[in-house]
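K.L.:
There's a structure below that I have some questions on.
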Amino acid sequence: MLRNPQAMDSARRQVMFALNDYLAGIALDQLSNQAAVGGISFSTGANNGLMVNANGYTQHLPALFSDLLQGYFSYTPTEEQLEQAKSWYAQMMDSAEKGKAYDSGDYADPDGLAGAVLPARSAPGAAALHYP
C-alpha cells in the first residue's frame, strides 16, 4: 500500500485518482491476462493512496508485482483512452445519482430523477472531467 494522506482529501484528487486508476487498468490489461493464465490475480484501489493486491501461488509473484507497479506508474494514455475514461467516470456519476434518487423514492417522479442527476453535472468536482 502506498499511503498518501492527501491522495483523497479533495473532490478533484478523488476524481483524478479514479481516472488514473481506470487508465492504468486499461494499460495493465495484457499483464492481467498473462497473470490470470498463471493463476495470479491482482487489483488496485484507493485507501489513503494506492492499494495493490496480488494473489496466487507461484514463484513469479514478485516479478508480477514489480511489473504491475512499473506499469501502473509509467503508462501513457492515448487521447481515445482519455475520452473513454471521462465517459466511464460520467456514467459512474450518473449511476450514483440515479441510485440516490431511487433510494429516496424519486424514481417515480421523472422531475425528481432529473433533479438528482443534473446538478451533479454542474457540481464543482464534475469540472475535473474536462481535463485534456
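K.L.:
Name every residue in region 40-61 that is touching a strand residue (DSSP E or B) at 6+ places or on another chain (Cβ under 9 Å) and either hydrophobic (A, V, I, L, M, F, W, C) or free of Cβ contacts under 8 Å to residues at least 24 places away in the same chain (or both), in order of residue number.
P.N.:
Taking region 40-61 and keeping what is touching a strand residue (DSSP E or B) at 6+ places or on another chain (Cβ under 9 Å), we get 40-45, 47-56, 61.
Once the filter is applied, which keeps residues that are touching a strand residue (DSSP E or B) at 6+ places or on another chain (Cβ under 9 Å) and either hydrophobic (A, V, I, L, M, F, W, C) or free of Cβ contacts under 8 Å to residues at least 24 places away in the same chain (or both), region 40-61 yields ILE40, SER41, PHE42, SER43, LEU50, MET51, VAL52, ASN53, ALA54, ASN55, GLY56, LEU61.
K.L.:
For region 47-79, enumerate the residues that are surrounded by 15 or more Cβ atoms within 10 Å (Cβ to Cβ) and among the charged types (D, E, K, R).
P.N.:
Passing the criteria: only ASP67.
K.L.:
Which residue pairs have Cβ atoms under 6 Å apart, sit 6 or more places apart or on different chains, and have a first residue in region 6-24 that is acidic (Asp, Glu) and a second that is not in a loop (DSSP other than H, G, I, E, B)?
P.N.:
Close Cβ pairs satisfying both conditions: ASP21/THR44.
K.L.:
Among (1) over 13 Å from the mean Cα position of the chain (by Cα); (2) at pLDDT 85 or above, where does ILE26 come up short?
P.N.:
(1)
The values are calculated or read from the model by the stated rules, or taken from the named source; none is laboratory data. Just so it is clear, the structure is predicted and the values come from calculations on it, not from any experiment. Every residue, glycine among them, receives a Cβ derived from its backbone with ideal geometry; neighbour counts consider all protein chains shown.
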